[in-house]
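Okay, so here's the structure we're looking at.
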Amino acid sequence: MIESITNVVEAIINVLYQPYIVPLLLIVGGIYFTIRCKGLQVRLFGESFRVIMEKPHSEGGVSSFGALMVSTASRVGTGNIIGVATAIILGGPGAIFWMWITAILGGASAFVESTLAQIYKRKHVGTLEKEGLYYGGPSHYMERGLKQRWLGVFFAVLIIGTYALAYNMLAAYNLQSTFGAFSFYDESTTPIIIGVILAVIFGVIIIGGAKRLIKVTEFLVPIMGVIYIAISLVVLVMNAGNLGHMFGAIFSSAFDFGAIFGGFTGSCIMWGIKRGLYSNEAGMGSAPNAAAKADVSHPAKQGLVQMLSVFIDTLLICTATAFMCLSTNVELGIFNEDGAANAAGYVQACMGETLGDFGPIFLCIAMSLFAFTTLIGNYSYCEGCLSFILKHPATDTQLLVFRIISTVLIFLGCIASAGLVWDLGDLFQGFMVITNVPVILILGKKAFDCLDDYVAQRKAGKNPEFKAETIGVSEEDAPAWY
């Protein structure tokens with residue numbers, strides 16, 4: 001049964017990730033948004049740092065930084081370690097270059113989708129006040145911007161499938177797999193024990209609600225990222241003599257077009273795009289769910305902040321992992337008995353070669369923090385989508401059932417096979433891309449006009465304040481801005 005499901009999923013993935021579907025949408029969409037936004041990734045990079053320090057527009061609201069940390073908690077996770085290592089093993093060192101390209105172009109896509117989420121956001125009333133002042137996301141701009149509620153419902157289902165099911169199962173699996181380097185690891189019992197512990201901790205946290213989720217991620221994400229980058233720099237310094245060979249391998253592999261187009265689905269471009277998307281999520285329509293929560297004076301502010309999150313994820317954290325691994329002398333070809341890439345084993349071997357016994361221990365600690373914040377960030381997207389599908393705030397009973405199911409899936413992720421959980425992640429994220437990117441291409445002009453309004457006000461020396469009528473959006477569709 002499992003083998004049949006895996007075969008069907010793999011067949012669909014092979015169609016989705018041919019050059020003319022998911023990769024084409026991401027790259028062409030990213031180029032288009034970059035041109036229309038006049039290279040805002042460079043032009044307004046410094047501005048994004050200024051905006052991130054602003055306090056909430058209203059007392060008690062969610063700050064730009066708080067919303068950034070929720071989305072970054074989802075982006076910065078096990079994919080930054082295991083996902084990067086998988087891409088290197090299966091696609092070669094050049095996959096890292098194409099991850100960079102995906103992130104640079106994806107910064108513009110992230111700006112557009114998050115700005116749209118801000119434009120069409122709603123204010124909480126009644127029982128949902130505990131979750132924050134505002135809510136929104138792609139389902140909402142599909143319903144109000146495109147006037148297609150059915151598409152918003154479909155996308156909400158995709159988000160739940162991607163984050164509560166595929167990504168959280170994958171994060172759980174990636175965490176337990178890092179313990180495989182230790183002598184106490186037993187394939188028949190250790191995953192079960194780790195699964196129970198992780199599920200219990202997760203269940204306790206999510207019962208606390210979104211406010212607690214934001215506070216936990218605000219605290220853990222910056223600490224986690226800084227420590228991880230610091231250790232990667234130590235590894236690079238210790239392997240300084242290999243840096244020239246490392247960069248040579250990355251660029252020679254990235255532009256070996258004969259090898260690339262001889263087997264595109266297994267090429268460095270494809271693996272760079274697949275794992276880059278899994279890591280930074282730009283264009284998928286996930287981060288806008290967090291972006292909509294921010295209480296800012298202008299939608300473009302949160303768009304700039306979410307653009308920065310993509311760079312933090314890929315250009316800092318993913319690059320740190322890649323350099324840590326490729327600067328060592330460890331061979332790339334590390335696989336499990338079933339033929340799947342042993343990404344955890346590869347990273348463990350790289351860190352062990354440089355840092356000795358401390359390397360595997362540090363990786364387990366880092367993976368535990370990465371996985372924990374990933375699970376929290378992923379789940380934070382799902383409850384709002386459930387309420388959107390139901391057309392009303394989920395009741396306490398419905399939420400309890402949903403949280404129990406989400407907790408059980410984390411346990412199942414720990415004991416699942418590597419191939420199935422990775423394939424599920426690729427499948428659901430592919431469907432999110434082919435749904436969300438066409439929508440933001442259609443609605444993009446609203447985000448471009450919003451950006452122009454923001455820049456004009458900044459040039460006039462103002463702290464930008466937004467009114468939806470300036471870009472032709474009605475009060476019915478964007479009441480938060482009237």
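Going residue by residue through the range 268-289, is there one that turns out to be over 30 Å from P479 (Cα atoms), open to solvent by 10 Å² or more (accessible area, probe 1.4 Å), at pLDDT below 85 and over 20 Å from the mean Cα position of the chain (by Cα)? Looking for residues that are over 30 Å from P479 (Cα atoms), open to solvent by 10 Å² or more (accessible area, probe 1.4 Å), at pLDDT below 85 and over 20 Å from the mean Cα position of the chain (by Cα), one finds none in the range 268-289, hence no. C364 falls short of the stated requirement of being modelled with pLDDT of 85 or more and under 22 Å from the mean Cα position of the chain (by Cα).
Out of all the residues in the range 23-40, is one or more modelled with pLDDT of 85 or more and hydroxyl-bearing (S, T, Y)? Within the range 23-40 (the criterion being modelled with pLDDT of 85 or more and hydroxyl-bearing (S, T, Y)), the answer is yes, since at least one residue qualifies.
Among residues of the range 209-236 that are under 13 Å from M351 (Cα atoms), those with a Cβ under 6 angstrom from a residue that is open to solvent by less than 70 Å² (accessible area, probe 1.4 Å) and at pLDDT 65 or above, sequence gap 6+ or separate chain, pair up as Y228/A366; S232/A320; S232/M324; V235/M324; V235/T354; L236/F323; L236/S327. The residue that is nearest to C385 (Cα to Cα), among those in the range 405-444 that are among the hydroxyl-bearing types (S, T, Y) and assigned to a helix (DSSP H, G or I), is S406. Taking L146 as the residue in question, decide whether it is modelled with pLDDT of 90 or more, open to solvent by 10 Å² or more (accessible area, probe 1.4 Å) and in a helix (DSSP H, G or I). Answer is no for this residue. Among the residues making up the range 177-204, those that are closer than 19 Å to T373 by Cα, in contact with a Phe, Trp or Tyr (Cβ under 9 Å, 6 or more places away or on another chain) and crowded, with 18+ Cβ neighbours inside 10 Å are F179, I194, G195, L198, A199, F202. Only one of the numbered conditions (1) modelled with pLDDT under 85; (2) more than 18 Å from the chain's Cα centre (by Cα); (3) more than 16 Å from C364 (Cβ to Cβ); (4) open to solvent by less than 30 Å² (accessible area, probe 1.4 Å) is not met by L170, and that is (2).
Of the residues making up the range 317-331, those that are open to solvent by 10 Å² or more (accessible area, probe 1.4 Å), in a helix (DSSP H, G or I) and under 13 Å from N242 (Cβ atoms) number 2.
Can you tell me how many residues in the range 297-307 are surrounded by 24 or more Cβ atoms within 10 Å (Cβ to Cβ) and over 17 Å from G444 (Cβ atoms)? Lay out the reasoning, then the answer.
Quick first cut of the range 297-307, residues surrounded by 24 or more Cβ atoms within 10 Å (Cβ to Cβ) only: 298-307.
The next check asks that each one be over 17 Å from G444 (Cβ atoms); those that pass are 298, 301, 305.
Going through the range 297-307 one residue at a time, the tally reaches 3.
Name every residue in the range 412-452 that is over 15 Å from the mean Cα position of the chain (by Cα), open to solvent by less than 10 Å² (accessible area, probe 1.4 Å) and within 13 Å of Y167 (Cβ to Cβ), in order of residue number. The answer is G413, V421. Restricting attention to the range 218-257, and to residues there that are of a type in the set (S, T, N, Q), closer than 25 Å to M367 by Cβ and over 22 Å from the mean Cα position of the chain (by Cα), which single residue is surrounded by the most Cβ atoms within 10 Å (Cβ to Cβ)? Checked the range 218-257; the qualifying residue surrounded by the most Cβ atoms within 10 Å (Cβ to Cβ) is N239.
With respect to the conditions (1) of a type in the set (S, T, N, Q); (2) over 23 Å from L198 (Cα atoms); (3) in contact with a strand residue (DSSP E or B) (Cβ under 6 Å, 6 or more places away or on another chain), T354 lacks only one, and its number is (3).
The values are calculated or read from the model by the stated rules, or taken from the named source; none is laboratory data. Note that the coordinates shown come from a computational prediction; the quantities given were computed from them, not determined experimentally. Don't worry about glycine lacking a Cβ; one is built from the backbone with ideal geometry, like all the others, and counts go over all protein chains shown. In case anyone asks, the SASA skips ligands and DNA or RNA and just uses the protein heavy atoms, side chains included. Shrake-Rupley method; radii C 1.70, N 1.55, O 1.52, S 1.80 Å.
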